[in-house]
Amino acid sequence: MKIMKTDKNNISLSSTLQSGLQAGLKTTWSLGKVIFPITLFVTILQFTPILPWLVELISPIMHIFGLRGEAAVPLVLGNALNLYAGIAGIISLELSVKEVFIIAVMISFAHNLFIETAVALKVGVKLWLVLVVRLGLAALAGILINLFWTGGSEIAQYGLTPKAEVVPDGVWQIILLGAEKATFGVLQLALIVITLMLFVQFVKDRNYLERFSNGAAPFTKLIGVKPNASMTLVAGLLIGLAYGAGVMIQAVQEDGVSKRDITLAFIFLMACHAVIEDTLLFLPLGIPIWPLFLIRLVTAILLTVTVSVLWKQPREKEESVVDC
């Protein structure tokens, strides 16, 4: 074990940068293959009778969250796929700052449900709990923000993404507009993802993840979780449920984390995970990201502490999660 740590500490900065850059480019390529066609497709869809029909069908539900009907597109994409797909749906539409912020908060709580739910099930968290917490927080957040925030009526500016000054005339102009939006969306994504992958690689190579885990003991105590669940929390908080799945599953198996503690840890992470990446991804969308970050973090803390206080199961009777 000591030899492994020494090897990690001896990894050169150039090797870290090379590995991080390769990971960033690979991730960008994988995600770009999702974002480009979705952005192109949704942009084209706006100029067909299909989207108006869907908008009219879904509008009554979307109005609960203060959103127009077409806002269902990024919500569905974000929930079924991931944040990148949801963002692709956002930049293909002309929305107000308030609408983009509401969508951002909602898909921050509930996104990539198929993969991230599978991770939760793998470590022993119940399916109903995952769906209730994530979808419930998303819906509640959308309703409350709509009720209490009166600003944000101006049209959101999507960073580098080009805006159409005139309505496209003809099929090829519509396709060109969609291709432009998709290309700029992928370029912005590349800037953020490559930077994040370099950071993650640096954290891994310098063994900082384990150090963060050791330093998180006071925080785990605050939310009512034993210190042996700290590696799971740190991995999910910094890397995310999907990317950090391997680390979290291994930590649960090796550290003897109880069902109560892993459930509490995942309640926290379902509300707030991959906080750096998820928050920065919304930066080009022209919305205030600090409130987005604080809403997720405060919600995660309050929810986990509340469940911890109400869950009075005696520690000595808890079962450890061993069959992950």
Exercise. Are any residues in segment 115-153 among the polar types (S, T, N, Q) and more than 20 Å from the chain's Cα centre (by Cα), and if so, which ones?
Worked result: 146, 150, 153
Exercise. Can you pull out the residues in segment 74-98 that are open to solvent by 10 Å² or more (accessible area, probe 1.4 Å), free of Cβ contacts under 8 Å to residues at least 60 places away in the same chain and of a type in the set (A, V, I, L, M, F, W, C)?
Worked result: 75, 76, 77, 80, 81
Seminar exercise, completed: By residue number, the members of segment 271-298 that are farther than 12 Å from residue 101 by Cα and out of contact with any Phe, Trp or Tyr (no Cβ under 8 Å at 6 or more places or on another chain) are 272, 273, 277, 278, 280, 294, 297, 298
Problem set entry | Qualifying positions in segment 99-118 - open to solvent by 10 Å² or more (accessible area, probe 1.4 Å) and closer than 13 Å to residue 62 by Cβ | 99, 106
Exercise. Is one or more of the residues making up segment 34-47 surrounded by 14 or more Cβ atoms within 10 Å (Cβ to Cβ) and in contact with a Phe, Trp or Tyr (Cβ under 7 Å, 6 or more places away or on another chain)?
Worked result: yes
Problem set entry | Residue match in segment 202-211 (condition: at pLDDT 80 or above, open to solvent by 30 Å² or more (accessible area, probe 1.4 Å) and assigned to a helix (DSSP H, G or I)) | yes
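The values are calculated or read from the model by the stated rules, or taken from the named source; none is laboratory data. Here the structure is a predicted model, which is why all the values come from computation and not from measurement. So basically every Cβ, Gly included, is an ideal-geometry build from the backbone, and we count neighbours across all protein chains shown. The protein model used for the area step is the full one, side chains on, heavy atoms only, and it has no ligands, DNA or RNA in it. Shrake-Rupley method; radii C 1.70, N 1.55, O 1.52, S 1.80 Å.
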